[in-house]
Amino acid sequence: SQVATIALIFIFTSLVWQWISTKLVFFSKSNFKYFVIDFLANYIHYGKDIGVEESLKLDYPSDEILERRRKGQEYLASKLSGGEKENKRGFDLSAKLVDCRFALAKVLIPLMRELEFPAKRNFVSSVVHKEQEEANQSSAPTGMHQVVLPNDERLLYVGSDAVQTLGIDTFHAPIQKEINRRMLLPEANLRFTPTSLNPEIEKNASTILQLTNMDQVRYSLSGSEAVDAALKDIKSSCRGKDFIVRFTSAYHGHVSGVDYLNCNNHIFLKECDPASIEFIEKYHYRICAVIVNPMQHFTGINKPSPPGEKLTMGGRNRKEIDRDTYAEWLHGLQSKCKYCTKYLSKVAFVLDDIYFSFRTPELFSFRYFKHPETGKNLDPDVLILGKGIAAGYPLSMVLGKKGFLNTYDKKYLLQVNKTVGTLAAWYGGVVASNVYLEEIKKTSTLLQLEAM
């Protein structure tokens, strides 16, 4: 009896200690600073203005850095400021809008409010198509739009166009023209919603799944929505596992929820660190997904944007990891996720290609980061694409292998992923995507990509 009691006490104590130690480990890997920031958000107030010069000195920079900041501030002021008279319509309209993207001030560093500039380019008097003006002598590519500012200055329209890897004149301008033509066809009903199955969606789904070697697709309107939907799908498909592994400083869109910055149940690990791979296997029973933003290869792994980099004249002081080394890291990370899925429990390997896709001749990161020895592509379980898939029109996608996207046992009645949107597969975005993908698949385009 005493032995049994001691054994039970020992077992209970061990389980409690394991639970506590796991909690502590996960807490140490969480975004603790964001918990603190969210807590302090209602209490931290900027207070009295201190002036531009003092703002530039807030972090006690060296004389050399301070001088570069002064020059940077002067340069930005010359480019961004335009005066209230010129931009009065913009200021009046901005006061009526909530979305920060329409703000008429350029914030360099959130703390340094006094370094904001009234922007002359935030209000567009009109947009002119180059082909409509025979006498136009500007350098704007044929078929693209120009912004006409209140002072009659003309600039190339910069909106949400996909990165123009293949050139504006030869590739993107004709695509925009064809998209506009198809949207004006009698059968182009832009009121179609995702519940209206139609030939354009049928064509688009088949094309993108063939191009990416995936099994299923979910549509959204923006990259942030797509990431949110993907992670919810994966969590519901990996029943009982609630943690997402992501990597230090990697951006994956705006988090959902009511906190200012916090994203619950996210674990932050170091990229290119063997300890991170060991962590994933050790705690596989709590982890449902490992998400990577491959753009970190270019911006610097585990490196956030340095404070003041937009203000300090000069390039970023970063050490870029070489392509083969980063590719080996991604393949090793993928292998660990595949191992866990096959022998332990399901862990999705997710590539967030919202920023990466269509910015290199390989089109996707899973092709760009081939294994340096075997030459094999990456084989993600889930791939997330942004507006580049539709030449800049509102459309994003979550592509996945069977078993990862909303493919859980439907008899768990309360686990339904209710991420839906009336315009999630907006007809116009799907049409634009079809035009873009048709051009991408042409032999001439593929040869051009190979040459690049």
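Structure values in brief
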| read-out | value |
| --- | --- |
| Residues whose placed amide H lies under 5 Å from that of GLU271, excluding near-sequence neighbours | THR248, ASN302 |
| Pairwise FRET efficiency - SER345 versus PHE32, Cβ, R0 = 22 Å, nearest 0.05 | 0.25 |
| Inverse mean reciprocal Cα-Cα distance (Kirkwood Rh) of segment 194-241, Å | 12.4 Å |
| Fully extended contour minus Cα-Cα distance, from GLU74 to SER14, at 0.36 nm per residue | 15.3 nm |
| Potential lengthening between SER196 and ASN42 on full extension [0.36 nm per residue; Cα-Cα distance subtracted] | 51.0 nm |
| Greater than 20 Å apart at Cα, pairs in LYS177/LYS442; LYS29/LYS338; LYS29/LYS270; LYS338/LYS370 | LYS29/LYS338 |
| Potential extension, ASP322-TYR285 segment - 0.36 nm per residue separation minus Cα distance | 10.0 nm |
| Inter-probe distance in nm under a simple model that places probes 7 Å from Cα toward Cβ, at ASN180 and ASP63 | 5.7 nm |
| Inter-site label distance for GLU53 and ALA7 at 7 Å from Cα along Cβ, in nm | 8.0 nm |
| Which listed pairs, of LYS336/LYS402; LYS241/LYS411; LYS336/LYS376; LYS48/LYS96, have C-alpha distances above 22 Å, in listed order | LYS48/LYS96 |
| Peptides 428-438, 371-381, 177-187 ordered by average Cβ neighbours within 10 Å, highest first | 428-438, 371-381, 177-187 |
| Ranked packing of 279-286, 70-77, 385-392, 331-338, most packed first, by mean Cβ within 10 Å | 385-392, 331-338, 279-286, 70-77 |
| Most to least packed among 360-368, 199-207, 51-59 [average Cβ atoms within 10 Å] | 360-368, 199-207, 51-59 |
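FYI, it's all coordinate maths here, none of it is from the lab. What you are looking at is a predicted structure, and each value in this text was computed from that prediction instead of being measured. All Cβ positions, even for glycine, are placed from backbone atoms using ideal geometry, and neighbour counts span all protein chains on display.
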